[in-house]
Structure formats: C-alpha cells, structure tokens
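Please read the structure below before turning to the comments.
The values are calculated or read from the model by the stated rules, or taken from the named source; none is laboratory data. Note that the coordinates shown come from a computational prediction; the quantities given were computed from them, not determined experimentally. For neighbour counting, all protein chains shown are included, and Cβ atoms are generated from backbone atoms with ideal geometry for every residue, glycine included. Quick note on the areas: whole protein, heavy atoms, side chains included, nothing else; ligands and nucleic acids left out. Shrake-Rupley method; radii C 1.70, N 1.55, O 1.52, S 1.80 Å.
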Amino acid sequence: MTVVSSPIPTELRRFTIEAKNEGRVVARLTGRTLHSGLWIADSFEFLDEAHAEDARREFARAIASAPVRSSREVLVVETPESIPWQKALADAGFRPGLRKVFVERRLDEALPPAPTSLWLRSLADVGQTEFNARMAEASEGDPFEERKFAARDFERE
C-alpha cells in the first residue's frame with residue numbers, strides 16, 4: 001500500500017490536500033499557511049480509517065519537504081486527539097519549539113484562596129510607577145504574534 005499526498009502550498013492561504021491510495025482518496029487535511037513556512041492543520045477527514053496513520057505520516061512528510069524561504073513550523077493545538085498528528089510530525093523530523101498555554105476560569109465565581117507565595121497589594125500601596133512597570137511587563141505581547149506595532153507610551157496608557 002502506498003499513500004501519496006498532494007503538495008502543500010507555501011503561499012498565505014487556506015488549503016486542502018488529499019492522501020490517496022491506489023488513486024482513491026483516503027484522507028483530507030484542511031489547513032492554513034499563516035506565513036511562509038508556518039502551517040496549521042485545522043481538520044483531518046479520514047475516509048478510510050485503516051489508512052489514517054499512513055495519511056498523517058504523508059501529510060507530515062509533505063509539510064517537511066515543502067519549498068519555503070524560512071524555517072518549517074507547524075502550529076499544533078495540543079489535545080488528546082492531536083497525539084497521532086504530533087507523532088507523525090516528530091517522525092518527519094519536527095521537534096517541539098515554543099509552547100503557548102491558554103487557561104480560563106469563570107469570573108462570576110468566588111476566587112480561590114491566594115497562594116502564600118502571591119502578594120496582593122493595592123495601587124495606593126505600590127504607587128503609579130510600579131503599577132505602570134507591571135502593566136508594561138504583563139502586556140509585552142504574544143511570542144507567536146507576527147505583527148509589529150509602534151512603540152507604546154505606557155505613561156499615557
């Protein structure tokens with residue numbers, strides 16, 4: 001059995017590629033190129049589950065061999081369902097790089113007790129300068145963000 005996928009696009013856009021076995025489509029990968037060399041797989045469709053592992057492997061190889069001007073990166077949202085995709089990417093030579101974690105909680109629920117290593121102080125206690133410094137530090141930005149903005153005026157903000 002041979003599974004071959006269609007080429008991965010390198011320009012900025014959405015794409016769908018197919019993995020075929022003996023001319024028959026067995027899987028589809030729908031994704032986006034976020035910039036040259038950075039891909040994200042939005043969804044997998046397996047028309048033949050028996051070939052799912054081979055299809056993932058072919059999709060990962062196609063991304064690894066795509067012609068790009070910069071490094072090759074794949075953005076993966078870590079979920080239990082993404083483990084086979086992560087394995088296929090690792091088998092194709094990709095290694096984990098940056099990791100971004102998103103957590104959330106309901107704001108209308110009572111706050112849990114503060115840890116003893118955390119001090120809560122009022123703005124009146126720390127002063128405006130210290131508050132501005134902490135706000136600037138907290139809003140430095142997202143390391144995954146590609147856009148660059150003008151310098152900020154934290155005193156004015």
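Points worth noting:
- Candidate set from the stretch 41-62 (those that are touching a residue at least 40 places away in the same chain (Cβ under 8 Å) and small (Gly, Ala, Ser)); member that is nearest to residue 26 (Cα to Cα): 55
- Qualifying residue in the stretch 113-122 (condition: at pLDDT 80 or above and among the aliphatic types (A, V, I, L, M)): no
- Considering residues of the stretch 1-37 that are open to solvent by 30 Å² or more (accessible area, probe 1.4 Å) and among the hydrophobic types (A, V, I, L, M, F, W, C) only, the residue modelled with the highest pLDDT: 25
- Among residues of the stretch 85-116, those that are within 22 Å of residue 55 (Cβ to Cβ) and aliphatic (A, V, I, L, M), counted: 4
- Of all the residues in the stretch 83-120, those that are in a loop (DSSP other than H, G, I, E, B), of a type outside the set (A, V, I, L, M) and surrounded by 10 or more Cβ atoms within 10 Å (Cβ to Cβ) number 4.
- Residues of the stretch 74-127 satisfying the condition of being closer than 16 Å to residue 62 by Cα and in contact (Cβ under 8 Å) with a residue 40 or more places away in the chain: 75, 85
- Single residue of the stretch 42-73 satisfying the filter (within 22 Å of residue 102 (Cα to Cα) and modelled with pLDDT of 90 or more) that is surrounded by the most Cβ atoms within 10 Å (Cβ to Cβ): 42
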